[in-house]
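The values are calculated or read from the model by the stated rules, or taken from the named source; none is laboratory data. Here the structure is a predicted model, which is why all the values come from computation and not from measurement. FYI the Cβ positions are ideal-geometry reconstructions off the backbone, even for glycines, and counts take in every protein chain you see. All accessible areas refer to the heavy atoms of the entire protein, side chains included, with ligands and DNA or RNA removed. Shrake-Rupley method; radii C 1.70, N 1.55, O 1.52, S 1.80 Å.
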Amino acid sequence: MNQQKSKELYEEAVNYLPGGVNSPVRAYKPYPFFAQKAKGSKIYDVDGNEYIDYCLGYGPIVFGHANDYIVEQSINQLKLGTDYGVPSEKEIALAKEVINRVPCAEMVRFTNSGTEATMSAIRLARGVTGKNKIIKFEGAYHGAHDAVLVKSGSGAAGKPDSPGIPEEATRNTILAPFNDENAITKIINENKDEIACIIAEPVMGNIGCVPPKEGYLQFLREITEENNILLIIDEVITGFRISKGGAQEYYDITPDLATFGKIVGGGFPIGAIAGKKEYMEQFTPSGNIYQAGTFSGNPMSINGGLAAFDILTDKRYKELHDKGDYLRNGIQDILSNLNLDYQINGVESMTQVYFTNNEVYDYETAQKSDTKGFLKYFHNLLENGVFIAPSQYECTFISTEHSKEDLDKTLEAIEISLKEL
Ligand SMILES: *Cc1c(COP(=O)(O)O)cnc(C)c1O
């Protein structure tokens, strides 16, 4: 495969952009391909190669790239302005959509990224409860802000904490293993009346794909309620992906607050905090817990989100579900034929294959995977026209635009790629 132009652009980019990229996970070795365009289930590089895309911008593009309807709606909005500095009617409409779909949502505050959403949600939890400590799970990623950059998956998985984060900033962040009830009980007992919130990815999507054990999210709900701790479910990946109402609907759980991002902007930058009115109203200006943003609720992102919600009907979710099953069953057959005992984890349109024989249910078990083997697999797939995120610790995503033909081609590529390891 010829990627000469990508190679040249990368060599140029490293002179002007740290590492040649604007977000670290993108910089895989020896150089990333540079995108030229993307449409539907496909992404194209500057050398004219076509890939079936399972990275999908790391999650947002559930409706497919350059979705005709969203493009049309966005062009209409573009002509009406992109930033007002005053409220606009569609902000109410998108908030209502979120409230209609999401169990915990009684009010919504839109931000520009998932990072801002979790940062503000944690501030809100601390402000509301008057307590400082937070519990986060090992390997969970909640964005790139100080308080949560401790054993946080994705690009940071396995690496030491970043320089530049004062110890004071993470002193109140307590780590817990996911899917372990005893660990949480112990932490809460040892920190009586000091914990403001537990923040959890309901399906961990930044150490691959790790679903909650049955009843685990309910356990978190009960123990937080009993101890006057707020439960924040970080649905930046799962929100509007694993079901119409996100993980809350899917697992039948109502947290105090939830954070969103990725999908809810219809492909434009966005984040959101949703939750109980009594808490949400404590954000400025109705309350005194500070939260702000120049581009927050900007008309392009809000309009994009509304267009996306028009598309994402029950029927679409059923299709996404079936495609996920089809892909996972196909991969399982291939693994069995090749006598490979690798783990397949997945929920609906989220899937990851772990290069390990051990069951993967938390950060530690995910760490047992053969990451070098996985990277080879990633490159083999790319050679065969399939783009997944270049790490064992990311998740693959399916869009509404992936056809059966795409999935069959992908399974062929997976078989070849595994055989060539
Ligand atoms: C991507 C992600 C974030 C951060 O969102 P950004 O928009 O990248 O700031 C937060 N939480 C989870 C679970 C994510 O996957």
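Worth pointing out:
- Annotation for N227 and S336: the two label points, set 7 Å from Cα along the Cα-Cβ direction, are 4.3 nm apart.
- Computed across the chain, the Kirkwood hydrodynamic radius from all distinct Cα-Cα pairs reaches 22.0 Å.
- Gain on full stretching of the segment that runs from D83 to E8 - 0.36 nm per residue minus C-alpha separation: 23.4 nm
- Heavy-atom accessible area ranking, 1.4 Å probe, most first, across Y141, Y51: Y141, Y51
- Its residue count N fixes a reference of 2.2 N^0.38 Å for region 320-404, and the Cα radius of gyration divided by that reference is 1.06.
- Over region 69-311, relative contact order from alpha-carbon pairs under 8 Å, at least 6 apart, %: 31 percent
- Only aspartates and glutamates eight or more places from K29 in sequence, or on another chain, were considered; those with a Cα closer than 20 Å are E8, E11, E12, D45, D47, E50, D53, D370, E383, E394, E420.
- Computed from label points 7 Å out along Cα-Cβ, the spacing between M1 and S403 is 2.0 nm.
- Charge dipole of the chain about the Cα centre (unit charges at C-beta), most positive-ward option of G19, I70, A413: G19
- Per-pair calculated FRET efficiency, R0 = 25 Å: D252 and Q282 via Cβ, rounded to 0.05: 0.40
- Largest-first ordering by accessible area, 1.4 Å probe, given options R221, R316: R316, R221
- Placing a pseudo-label 7 Å from each Cα along the Cα-to-Cβ vector at K37 and A292 gives an inter-label distance of 4.2 nm.
- Between region 158-211 and region 63-116, the Cα center-to-center distance that results, in Å: 31 Å
- The lysines within cross-link reach of K131, meaning a Cα-to-Cα straight distance under 21 Å and a gap of 8 or more places when in the same chain, are K186, K192, K276, K277.
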